[in-house]
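A quick write-up on the structure given underneath.
The values are calculated or read from the model by the stated rules, or taken from the named source; none is laboratory data. Not measured: the values here are computed from a predicted model. No Cβ is skipped: glycine too gets one built from the backbone with ideal geometry, and neighbour counts run over all protein chains shown.
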């Protein structure tokens, strides 16, 4: 599990395609890998991956076809900047909301409006998940826990403060870029439960 509070930005160093997986190596920020054990979970742009090595500045991961097809990792390139977060522990401060690292869809940045002290983005709504995206609700975008702004038929807004732009790769995004979307599981459970009750 993750909190959606990104620890820093990593850089993709190598990408190796094998028969049914892609192996990637990512250089993390200073001290990110301290006490990281082989087999530990790391969120990479919101995708939960398993570390193949321990306590190295260069972290190694294998990504299966299912993950590649359902997330932006299928188009990852050398040199790309990715958001990183270690899994939470029993004494972690949860400043965002609980996230699993399981991606529900890939969305497109439709517009970016840079203001004096903040940035607004319009993000497309992937097919089939519109009922779970609610104004003032939580959503995960590239592993960042964010609050949903106004929701429209085909897109929703998010509003980003300077600190979020500084410590994540959201500040590097451009119009038409793709991002990973993770829905808030509590919202999914409530919406599905209400639908079942109403359809009885």
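Out of segment 85-114, which residues are without any contact (Cβ under 8 Å) to a residue 40 or more places away in the chain and either in contact with a strand residue (DSSP E or B) (Cβ under 9 Å, 6 or more places away or on another chain) or not in a loop (DSSP other than H, G, I, E, B) (or both)? Even if it seems obvious, please write down each step before you answer.
The first filter runs over segment 85-114 and keeps only residues without any contact (Cβ under 8 Å) to a residue 40 or more places away in the chain, leaving 89-91, 113-114.
113, 114, listed by residue number.
Would you mind stating whether residue 114 is exposed (fewer than 14 other Cβ atoms within 10 Å of the Cβ) and in the same structural domain as residue 17 (by TED's automatic domain parsing)? Full working, then the answer.
On the way: exposed (fewer than 14 other Cβ atoms within 10 Å of the Cβ): yes; in the same structural domain as residue 17 (by TED's automatic domain parsing): no.
When the stated conditions are applied, residue 114 does not pass them.
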Cβ pairs under 8 Å, 6+ apart, first in segment 176-189 and closer than 9 Å to residue 106 by Cα and in the same structural domain as residue 121 (by TED's automatic domain parsing), second exposed (fewer than 14 other Cβ atoms within 10 Å of the Cβ) and at pLDDT 95 or above = 178/75
If you scan segment 29-60, which residues turn out to be under 19 Å from residue 88 (Cα atoms) and either part of a strand (DSSP E or B) or under 16 Å from the mean Cα position of the chain (by Cα) (or both)?
-> 41, 42, 43, 44, 45, 46, 47, 48, 49, 50, 51, 59
Picking from 82, 63, 22, the residue that is closer than 30 Å to residue 149 by Cα, assigned to a strand (DSSP E or B), at pLDDT 95 or above and in contact with a strand residue (DSSP E or B) (Cβ under 7 Å, 6 or more places away or on another chain) would be 82
